[in-house]
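K.L.:
Could you have a look at this structure, given as structure tokens, before my questions?
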Amino acid sequence: MPSFQIHRSNRLERLVVALGDLLADGVGGPLTPEAVVVQGRGMEIWLGGELAKRFGVWATRMEYPRGLVDRLVREVLGDAALGDAPLSEDLLGWTVQAVLPELLAKPEFAALARYVERDEHGVRAFELAGRIATVFDQYLTYRPDWIRRWEAGDLSDLPVDDQWQGLLWQRVAEQVKRPHLAVAVDQLIERLGEGKPLPGLPPRVLAFGLSTLPPLYVRALAALSRHVDVHVFSFSPAPGLWPPKLRPKAPGTGAGARRGWPELDVDSPLIASLGVLGADFDQVLRGALDGAGIVAREHDHHQRPTGDSLLSRLQADLFDLGAAAAPKLAPDPVVAASISIHSCHGPMREVEVLHDQLLDLVTRAKGRVRPDEIVVLVPDLPTYAPLVEAVFEREPGHSEFIPYHVADRSERQGSPVLDGLLRVMDLTRGRVTASHVFDLMVLDPVARRASLDAASIETLRGWVGASGVRWGIDAEHRAQLGVPAGDGNTWRFGLRRLLLGYSMPGDGRRLFEGTLPFDEVEGKDAQLLGTLAWFLRTLFGVLGEFERARPLAEWAATLVSLGDQLFARDRDTTRQLARVVRVLQGAVEDARHAGFTGDVDVQVLRSLLESAAESAGSDRGFLSGGVTFCAMVPMRSIPFRVVALLGMNDGDFPRVP
């Protein structure tokens, strides 16, 4: 008979063994894929590797919770339940963009109207729509009862200052005219509760490593367990913790107390403060199961920690839910150093000390650690990534070589084409300083398009600096920025000096129509100077073109044209530009479904591309070999033999809001 089963352990490795035992006893036939659900890409990569070790190969595609729920809705209720374009966060954003202007005149929207009243280029309105869409998307998942009341016209639960949320949602729902997940899941649960056989259901669901789930999803899984087995594999620090009890935090015991956060009613201060998320998930699970009249079967896979190291004793204290003792360190320095703290005078020194510590771990004779068994978590990865590369970069075979990989980097950092496009957008309506122009010129696809090597760029940099170029295209450009329309120290001023110096040297004293020629350009340098003139003419033409707002569909063609003009065309740049165009095409489709027909300014386009780049960078390169450097991403509870925390400085972690 189908059931809901919960597997708990303080060792994720033991949960993998339990999962593997279930998978070894397959259900549904050899060609029926298992429904393995994980929280994120990092866990998917790690779990796939562990299952491949056990079975020799693992090729089953894992799902995320939202994807599983969407699939269940479509299988049970049909595709019409969510429509051809599901109500995604992006679609919500463009819908808010479309309907918000007509609502700003209402008194309930006075605060929003004040926020966007001086928004000349629409950037504030775009970012505000995105934030509102994020909140609405969370409401659909975590507060579907609010959404249903608002759609029924009941705004009584909203304070006066928040009435605009309900009114805006009503207008958004009217605009998109499509079902959303909250309604669809209610219909799914009702259909599953009828007890009739339903085609298309997975043979069972194996949810691994989930630390939390929205109540809406848990209710769907509880209803599904009447038809197929649902197994939830959850990390648990101690067997005696469940069901957990909460207590108010004592006054004056930290920032959490000031916010009224509760803590667990246990003697261990670490579990009391850090175990609230797990306790909340357990309450959600039990509430959904009790509401459905389902009794879960519990499986205890806990293993008492053993060993004499400081880390082992701390784990044992957590296992017993007791207050941490003060264990004596073992005489073996390798064992005693299982937990160590290093105080350094700066970020570079932190990375250097980390390199020395890891080098000792991967080269020592006793207890040697493989590089792929090490993870380094970094709260401020963009700051530390260049330092890591500077310290860890060695030739293979070098005595201090440690293989490593920096994960979670933005798409922009791995795509010079996207980086170049964003830099051009930054220059639009900007000061167009010499340093910013050369920052664009040194990008690989730009330099190759202009046939410039590093030495040529440095020569041009020297000429431009010596000729007096500082900022501004010309006098007209400076006037547009609200400063006197002088031509001095602009790009036109400097380029005129360079070209005059090649054609008619002034020997440092003869002027031509008020301009002193720059005499250092001669002979073969003419070609390099011509390249600079071509590059500046092309760039300034693009900046002028970018001044005009236009529909999203036109921007895709405009960016392709820019790519042809400024970037070398090869397989890599073509692929990178195609990714940018795909992002725009997706935005065009969302805007079309949302009914948004307005023009988009270049700064709005820049914000759109940068947001897409940040989201695309999530989990990039995770577990790609060697030591893994990655951001401190929530819900990435993956076991490593060695865990290092880099940059745990005041203000960086916990991050100051």
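The values are calculated or read from the model by the stated rules, or taken from the named source; none is laboratory data. The shown structure was predicted, so the numbers you read here are calculated from the model rather than taken from an experiment. A quick note on method: Cβ atoms are made from the backbone with ideal geometry, for glycine too, and the neighbour counts reach across all protein chains shown. Just so you know, the surface numbers come from the protein's heavy atoms only, side chains and all, with ligands and any DNA or RNA stripped out. Shrake-Rupley method; radii C 1.70, N 1.55, O 1.52, S 1.80 Å.
K.L.:
Given a 1.4 Å probe and the protein chains all in place, what does the accessible area of Ser273 round to, in Å² to the nearest 10?
P.N.:
Using a 1.4 Å probe on the heavy atoms, I get roughly 60 Å².
K.L.:
Contour minus end-to-end for Val483 and Ala59, with contour as 0.36 nm per residue of separation and end-to-end as the Cα-Cα distance?
P.N.:
146.4 nm
K.L.:
What figure in square angstrom, to the nearest 10, would you give for the accessible area of Arg74 with a 1.4 Å probe?
P.N.:
70
K.L.:
Here is a further query. Just read off the accessible area of Val176 with the full protein assembly in place, 1.4 Å probe, to the nearest 10 Å².
P.N.:
10
K.L.:
Mind checking the full-extension length gain between Leu645 and Arg592? Use 0.36 nm per residue of separation minus the Cα-Cα distance, one decimal, nm.
P.N.:
Here the answer is 14.6 nm.
K.L.:
Out of the total accessible area of segment 1-124 (probe 1.4 Å, heavy atoms of protein only), what percent is carbon and sulfur? Don't jump to the answer; show the numbers that get you there.
P.N.:
Numbers: 3230 of 6180 Å².
Exposed carbon and sulfur together represent 52 percent of the surface.
K.L.:
Cα axis of helix 89-103 to longest principal axis of the chain: angle in degrees, 0 to 90, nearest 10?
P.N.:
Helix 89-103 sits at roughly 70 degrees to that axis.
K.L.:
Rounded if a/c is under 1.5, else prolate if a/b is larger than b/c, else oblate: which is segment 48-128, with a ≥ b ≥ c the root eigenvalues of its Cα gyration tensor?
P.N.:
Numbers: a/c = 4.74, a/b = 2.33, b/c = 2.04.
The shape class here is prolate.
K.L.:
With the contact rule set at Cα under 8 Å and sequence spacing of 6 or more, what percent relative contact order holds for the chain?
P.N.:
19
K.L.:
If I fit a long axis through the Cα atoms of helix 347-363 and take the longest principal axis of the Cα atoms of the chain, what angle between them do I get, 0 to 90°, rounded to 10?
P.N.:
50
K.L.:
Counting heavy atoms of the protein chains only and a 1.4 Å probe, report the per residue accessible area for the chain as a whole number of Å².
P.N.:
50
K.L.:
Still on this structure: With a/c under 1.5 counting as rounded, go ahead and sort segment 421-467 into rounded, prolate or oblate using the C-alpha gyration tensor (a ≥ b ≥ c being the square roots of the eigenvalues; past the cut-off, prolate if a/b is larger than b/c, else oblate).
P.N.:
Note, shape of segment 421-467 comes out oblate.
K.L.:
Still on this structure: Mind giving me the FRET efficiency for Ser624 and Thr538? R0 is 35 Å, r the Cβ-Cβ distance, nearest 0.05 is fine.
P.N.:
Calculated value: 0.40.
K.L.:
Please label the shape of segment 426-540 as rounded, prolate or oblate, based on the square roots a ≥ b ≥ c of the eigenvalues of the alpha-carbon gyration tensor (a/c under 1.5 means rounded; beyond that, a/b larger than b/c means prolate, else oblate).
P.N.:
oblate
K.L.:
What FRET efficiency comes out for the pair Asp572/Val442, r = Cβ-Cβ distance, R0 = 22 Å, nearest 0.05?
P.N.:
Efficiency for this residue pair is about 0.85.
K.L.:
Between Arg114 and Ala365, what is the label-point separation in nm under the 7 Å Cα-to-beta-carbon projection?
P.N.:
My value for the distance between the label points is 7.3 nm.
K.L.:
Once both axes come from the Cα atoms, what is the angle between helix 491-503 and the longest principal axis of the chain, in degrees from 0 to 90, rounded to 10?
P.N.:
It works out to around 50 degrees.
K.L.:
Here is a follow-up. Under a cut-off of 17 Å between alpha-carbon atoms, report the aspartates and glutamates in cross-link reach of Lys177, not counting same-chain residues fewer than 8 places apart.
P.N.:
Correct list for Lys177: Asp79, Asp84, Glu89, Asp90, Asp137, Glu151, Glu589, Asp590.
K.L.:
For segment 368-390 and segment 450-526, what is the separation of their Cα centres, given in Å?
P.N.:
Segment 368-390 and segment 450-526 have Cα centres spaced 44 Å from each other.
K.L.:
I'd like the carbon and sulfur percentage of the solvent accessible area for segment 175-223, probe radius 1.4 Å, heavy atoms only, ligands and nucleic acids excluded.
P.N.:
Numbers: 990 of 1800 Å².
That fraction is 55 percent.
K.L.:
Largest first, what is the accessible-area ranking of His301, His398 with a 1.4 Å probe?
P.N.:
The residues order as His398, His301, largest area first.
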